[in-house]
Amino acid sequence: MIEYENLTLLNAPFFNEYKTSFEKTLKSGWYILGENVRQFENEFASYCGVLDCIGVASGLDALVLSIEVFGFEPGSEIIVPSNTYIATIIAIIRCGMQPVLVEPDILTYNIDPNRIEDAITSKTVAIIPVHLYGKACDMDAILTISNNYGLRIIEDCSQSHGAKQNGRIVGTFGDCNAFSFYPTKNLGALGDAGAITTNDKDIASRIRTLRNYGSNVKYHNEVIGFNSRLDELQAGFLMVKLKHLDEINMHKRKLASIYFEELSDAVVKPYVDQNFFDVYHIFNIRHKERDSLKQFLLGQGIKTDIHYPISPARQIAMQKKLNNYNYPIAEEIHSTTLSLPISFFHGLEDIRFVINKVNMYFS
């Protein structure tokens, strides 16, 4: 069986380093906001090339705090792609804002900059570009729009650790930028974890206050805050993984190159642009017979996944939250997309086996 993902195999190369980190943390007796968190924040900020990184409890919390820190007026509008993972939209709603969904580019699956201006109103305060599947959005175009209209940019980098546009890494374009370290990510923890990057020291300071009950000094609370702190154990594990992130990304790019070279043109493959450095958190193909293909591959001993089977606008939770449910491009993507195996533990022979079976289906 070719599994879609196996977290034991994915993390096996790092077990000894994890054990060393765990024992060090255990013996330290300091488990919340200690040296591991400070060191990881510094190392990840350095990796991204930003002034500051703030570790938080999850990717969703990273998004919530990134919105909360600006103190937008309740009911303000935030533009977000119509095919994002639901967490991006949940964060907007949780902060009392109104999500405004904009359709993606059918080639890249990222928000289409050409459609953003039509969605801007007097209530618009921010844009959240989501770097979906490991491909950076067209941030040059989005920054031009944000500058013209005075809008904040909050990047959702949850699937794009290390991805770049024109050599510039994601997490450096926005006013503040949210990362998830969910275990399946290219930079994954061993549980929930997240972080926010920024080049604004004032924003960083306020987020640090917000994540810790609104407090900078113990028992002195300046604002209504949250309990959202990256814990010492996860920070230690992430430091181990961060040393290998470039290796992980390059391995996945190698696997992707084989898909591109040998996979049947009967399916729509990810769009490639030489100005973008893709890290393939997900390698998705599209075909109108997606469900049939998925079942066929399972019968051939190959597990796949769908990211995502239901568009945000069609989720039951969104029925009273969104003003529009007509997003045909998002629906086209959600109804045809299929994610093929592309984990760090997969070898070249695994990918060629998958390719052979996909091609067999179309032959």
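The values are calculated or read from the model by the stated rules, or taken from the named source; none is laboratory data. A quick note: this is a predicted structure, and the numbers were derived from the prediction, not measured. We place every Cβ from the backbone using ideal geometry, glycine too, and count neighbours over all the protein chains shown.
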Applying the selection to region 190-227, what residues are surrounded by fewer than 22 Cβ atoms within 10 Å (Cβ to Cβ) and under 19 Å from the mean Cα position of the chain (by Cα)? Leu190, Gly191, Asp192
Give the residue that is farthest from Phe237 (Cα to Cα), with candidates limited to residues of region 50-61 that are touching a Ser or Thr at 6+ places or on another chain (Cβ under 6 Å) and surrounded by fewer than 23 Cβ atoms within 10 Å (Cβ to Cβ). Val50
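Of the residues that sit in region 1-36 and are of a type in the set (Phe, Trp, Tyr) and in contact (Cβ under 8 Å) with a residue 60 or more places away in the chain, which one is nearest to Ile351 (Cα to Cα)?
Tyr4
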Looking at (1) aromatic (Phe, Trp, Tyr); (2) surrounded by fewer than 18 Cβ atoms within 10 Å (Cβ to Cβ); (3) touching a Ser or Thr at 6+ places or on another chain (Cβ under 8 Å), which is the one condition that is false for Phe237? (2)
What's the total number of residues in region 88-127 that are surrounded by 20 or more Cβ atoms within 10 Å (Cβ to Cβ), farther than 22 Å from Asn275 by Cβ and within 16 Å of the chain's Cα centre (by Cα)? 4
Going through Pro312, Pro328, Pro341 one at a time, which residue ends up being within 30 Å of Val100 (Cβ to Cβ), assigned by TED's automatic domain parsing to the domain that holds Asn249 and surrounded by 17 or more Cβ atoms within 10 Å (Cβ to Cβ)? Pro312
Identity of the residue in region 143-166, under 19 Å from Ser76 (Cα atoms) and of a type in the set (A, V, I, L, M), that ends up nearest to the chain's Cα centre (by Cα): Ile154
Can you name every one of the strands (runs of 3 or more DSSP E) wholly within region 120-212 that holds 1 or more residues which are closer than 20 Å to Ser228 by Cα, in contact (Cβ under 8 Å) with a residue 24 or more places away in the chain and among the aromatic types (Phe, Trp, Tyr)? 176-180
So, in region 274-308, how many residues would count as being at negative phi, in contact (Cβ under 8 Å) with a residue 12 or more places away in the chain and part of a loop (DSSP other than H, G, I, E, B)? 13
Can you find a residue in region 131-149 that is at pLDDT 95 or above, within 30 Å of Phe22 (Cβ to Cβ) and among the aromatic types (Phe, Trp, Tyr)? no
Within region 179-219, the count of residues that are at pLDDT 95 or above and either more than 19 Å from Leu65 (Cα to Cα) or charged (D, E, K, R) (or both) comes to 16
Which condition number in (1) exposed (fewer than 13 other Cβ atoms within 10 Å of the Cβ); (2) at pLDDT below 95; (3) of a type in the set (A, V, I, L, M, F, W, C) is the one that Met360 fails? (2)
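Table: residues versus (1) over 22 Å from the mean Cα position of the chain (by Cα); (2) among the polar types (S, T, N, Q).
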position	(1), (2)
Leu230	no, no
Asn249	no, yes
Lys269	no, no
Ser292	yes, yes
Among the candidates Tyr31, Tyr85, which residue alone is of a type in the set (Phe, Trp, Tyr) and under 18 Å from the mean Cα position of the chain (by Cα)? Tyr85
Since Leu187 meets every condition but one in (1) closer than 25 Å to Phe345 by Cα; (2) more than 11 Å from the chain's Cα centre (by Cα), which condition does it not meet? (2)
